[in-house]
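Trainee: Before I ask anything, let me first share the structure, which is written out below as structure tokens.
Derivation of every value follows stated rules applied to the coordinates shown; laboratory data play no part. Source: prediction; values computed, not measured. Reconstructed Cβ throughout: ideal geometry from the backbone, glycine too, with neighbour counts over all protein chains shown.
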Amino acid sequence: MTTVTAYAATSATAPLTKTTITRRDVGPHDVAFDIHFAGICHSDIHTVKGEWGEPLYPVVPGHEIAGVVTAVGSEVTNYKVGDHVGVGCFVDSCRECDNCEAGLEQYCTGTGMVGTYNAVLKDGEKTYGGYSGAIVVDENYVLRIPESIALDAAAPLLCAGITLYSPLRHWNAGPAKRVAVIGLGGLGHMGVKLAKAMGAKVTVLSQSLKKMEDGLRLGADEYYATSDPDTFTKLAGSFDLILNTVSANLELGAYLGLLATDGTLVELGAPEHPLEVPFFPLGGMRRSLAGSMIGGIPETQEMLDFCAEHDVRPEIEVIQPDYVNEAYERVLASDVRYRFVIDTASLR
Ligand code: NAP
Ligand code: ZN
Ligand code: ZN
């Protein structure tokens, strides 16, 4: 076992503080790597604040992890020391169920996926995430980061990137599709960039016009403020696909009304409280309400390669680990442009 420095939450209300954790010895199928950068996802905040249930404190969050391999197990053939690698939201799953067999490990029906943090592996080891100096992960749950993507920019792709890429692919975003993205935060800004790279017509639906210039620069064709009631009249029935990335509860009925007949609203935000769904804006136009969660290992690799090929990168603000609590406050205030990424050098 090795000891590494990390940032951990010890309760729902205490700030994250510096601590130490241990990482297991490198097993035959393990890849050990130094973490260079870790993105801050709003899910980290929901988790440490106990909004999804009581977590296993202490929690070391971070599931957008990018780094450089330092050691590999005797059976590992796909990775070698020096490789640029990443880990996303899970580090294991049952590996036997139909979903695991199909590369949809995030929907594992056996043991369920084992989260990168706040979870327990088969042998009882508790998982700790990326706000730390190094990690050891089974090779099957490691991603290869293309050389052309800098490690700081790669980190947010491991959650925000794949969470938007997967539904855009599943619901066939492309040149003929009118796609709207609700919320221009970490997930939302990746949605705009990826949908644009796939050739769709993209509209941002943000609370205000504050980020309009950014939204258009990121690739949106149109940008509207949802605080303006006219937006809902003007855009009624005009989208094939709406991706909701908002971390809080929205009035879904109003947004369902923006879909064309047979359109789909995909819920990606995971707010603390259940969402209310009125019948008429849904059933009245045979619209669908769907959900989607991150993406499997093969699709995450496909997304990384797609981003390399199409020059898609997140917009990031690199911070030092001791800024994490302030960064959380800024995320909660929708004041993130557009993903905080922790430079973990001082934790190694
Ligand atoms: P984020 O960076 O905070 O972005 C969320 C955006 O939603 C904000 O920037 C803001 O955009 C908008 N927003 C926030 N509060 C709002 C409110 N009260 N009313 C209306 N709009 C509001 O968060 P994120 O990291 O992108 O994550 C977003 C959500 O997705 C979280 O709930 C997270 O847990 C969840 N998530 C889900 C998955 C999945 O697999 N499905 C994966 C990762 C994260 P504007 O200022 O532009 O309105
Ligand atoms: Zn996430
Ligand atoms: Zn499974």
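Trainee: In Å, what Kirkwood hydrodynamic radius results for the range 183-240 from the alpha-carbon pair distances?
Mentor: Details: mean 1/r = 0.0869 Å⁻¹.
Computed over the range 183-240, the radius equals 11.5 Å.
Trainee: I'd like the chymotrypsin sites (Phe, Trp or Tyr not before Pro) in the range 237-287 restricted to DSSP loop residues with at most 15 other Cβ atoms within 10 Å, sorted by number.
Mentor: Details: sites: Phe239, Tyr255, Phe279; in loops: Phe279.
Of the chymotrypsin sites (Phe, Trp or Tyr not before Pro), the ones in loops of the range 237-287 whose Cβ has at most 15 other Cβ atoms within 10 Å are Phe279.
Trainee: Let me ask something else. What number, in nm² with one decimal, is the all-direction average of the projected area of the convex hull of the alpha-carbon atoms of the range 20-63?
Mentor: Values: hull surface 16.9 nm².
If I average the Cα hull's projected area over directions, I get 4.2 nm².
Trainee: Report the net charge of residues surrounding Asp262, where surrounding means a beta-carbon distance below 12 angstrom and charges are Lys +1, Arg +1, Asp -1, Glu -1. Present the calculation step by step, with values, prior to reporting the outcome.
Mentor: Values: positive: Arg286, Arg287; negative: Asp240.
Every neighbour counted, the sum reads +1.
Trainee: Just how far, in whole angstrom, is the range 20-93 from the range 222-268 if you go by their alpha carbon centroids?
Mentor: Rounded to whole Å, the Cα centres lie 35 Å apart.
Trainee: Something else about it: Quick check for me: using +1 on Lys/Arg Cβ and -1 on Asp/Glu Cβ, what's the dipole size of the chain about its Cα centre, in debye to the nearest 20? Provide the component values of the computation, followed by the final result.
Mentor: Details: 26 positive and 44 negative charges, 113 e Å.
The calculation lands at about 540 debye.
Trainee: With axes computed from alpha carbons, what is the tilt in degrees of helix 297-310 against the longest principal axis of the chain, rounded to the nearest 10 within 0 to 90?
Mentor: For 297-310 against the chain, the angle is about 70 degrees.
Trainee: Ok, one more. Could you tell me which of Phe306, Leu265, Ser74 has its Cα farthest along the dipole of the chain towards the positive end, charges placed at Cβ (Lys, Arg +1; Asp, Glu -1), taken about the Cα centre?
Mentor: Toward the positive end, the furthest listed residue is Leu265.
Trainee: Give the separation of the Cα centroids, the range 164-207 to the range 96-152, in Å.
Mentor: 25
Trainee: Then there's this: Placing +1 at every Lys and Arg Cβ and -1 at every Asp and Glu Cβ, with all other atoms neutral, what dipole size does the range 98-175 have around its Cα centre, in debye to the nearest 20?
Mentor: Values: 4 positive and 9 negative charges, 48 e Å.
It comes to approximately 220 debye.
Trainee: With N denoting the number of residues in the range 1-42, provide Rg(C-alpha) divided by 2.2 N^0.38 Å, to two decimal places. Could you put the intermediate results ahead of the total?
Mentor: Numbers: Rg = 13.2 Å, N = 42, 2.2 N^0.38 = 9.1 Å.
In units of the 2.2 N^0.38 Å rule of thumb, it is 1.44.
Trainee: Further, regarding this structure: What translational D, rounded to a whole number of µm²/s, comes out for the range 203-273 from Stokes-Einstein when the hydrodynamic radius is the Kirkwood one over Cα pairs, at 37 °C and 0.692 mPa s?
Mentor: Working: Rh = 12.7 Å.
D, rounded to a whole number, is 258 µm²/s.
Trainee: Using only the alpha-carbon atoms, what does the chain span along each of its principal axes? Please give whole angstrom values in decreasing order.
Mentor: So the three principal-axis extents are 60, 41, 36 Å.
Trainee: Got a sec? How would Lys211, Lys18, Lys234 order by Cβ neighbour count within 10 Å, fewest to most? List each step's numbers first, then the result.
Mentor: Numbers: Lys211 23, Lys18 14, Lys234 11.
Exposure proxy ranking, most exposed first: Lys234, Lys18, Lys211.
Trainee: For the range 1-147, max minus min Cα coordinate along each principal axis, in Å, sorted largest first?
Mentor: 44, 34, 29
Trainee: Would you kindly compute the Cα radius of gyration of the range 44-102 and its largest Cα-Cα separation (Dmax), both in Å?
Mentor: When restricted to Cα atoms, the range 44-102 yields Rg and Dmax of 15.6, 41 Å.
Trainee: To continue, here is another question. Using +1 at the Cβ of each Lys and Arg and -1 at the Cβ of each Asp and Glu in the chain, identify which of Thr116, Val341, Ser247 lies farthest towards the dipole's positive end.
Mentor: Ser247
Trainee: Let me ask something additional. Checking the a/c ratio against 1.5 first, then a/b against b/c, what shape does the Cα gyration tensor give for the range 141-212? Numbers along the way, then the final one.
Mentor: Numbers: a/c = 2.20, a/b = 1.40, b/c = 1.57.
Because a/c hits 1.5 or more and a/b fails to exceed b/c, the range 141-212 counts as oblate.
Trainee: Also, I was wondering about something else. Kindly put Glu51, Glu272 in sequence by how many other C-beta atoms sit within 10 Å of each C-beta, fewest to most.
Mentor: Glu272, Glu51
Trainee: Something else: Compute the Rg/Rh shape ratio of the range 82-146: radius of gyration over Kirkwood radius, all on alpha-carbon atoms. Working shown, then result.
Mentor: Details: Rg = 12.0 Å, Rh = 12.4 Å.
Ratio of gyration radius to Kirkwood radius: 0.97.
Trainee: Another question, then. Among Glu147, Glu251, which comes first, then next, by fewest other beta-carbon atoms within 10 Å? Could the numbers behind the result be given before it?
Mentor: Working: Glu147 9, Glu251 13.
The order, fewest Cβ neighbours first, is Glu147, Glu251.
Trainee: Could you please tell me the mean projected area of the C-alpha convex hull for the range 163-304, averaged over all directions and given in square nanometres to one decimal? Write down the numbers at each step before the final one.
Mentor: Working: hull surface 32.2 nm².
Directional mean of the projected Cα hull area for the range 163-304 stands at 8.1 nm².
Trainee: In µm²/s, what is D for the range 86-196 at 37 °C and 0.692 mPa s, where D = kT/(6 pi eta Rh) by Stokes-Einstein and Rh is the Kirkwood radius from Cα pairs? Intermediate values should be presented prior to the final figure.
Mentor: Values: Rh = 15.6 Å.
Diffusion coefficient, whole number: 210 µm²/s.
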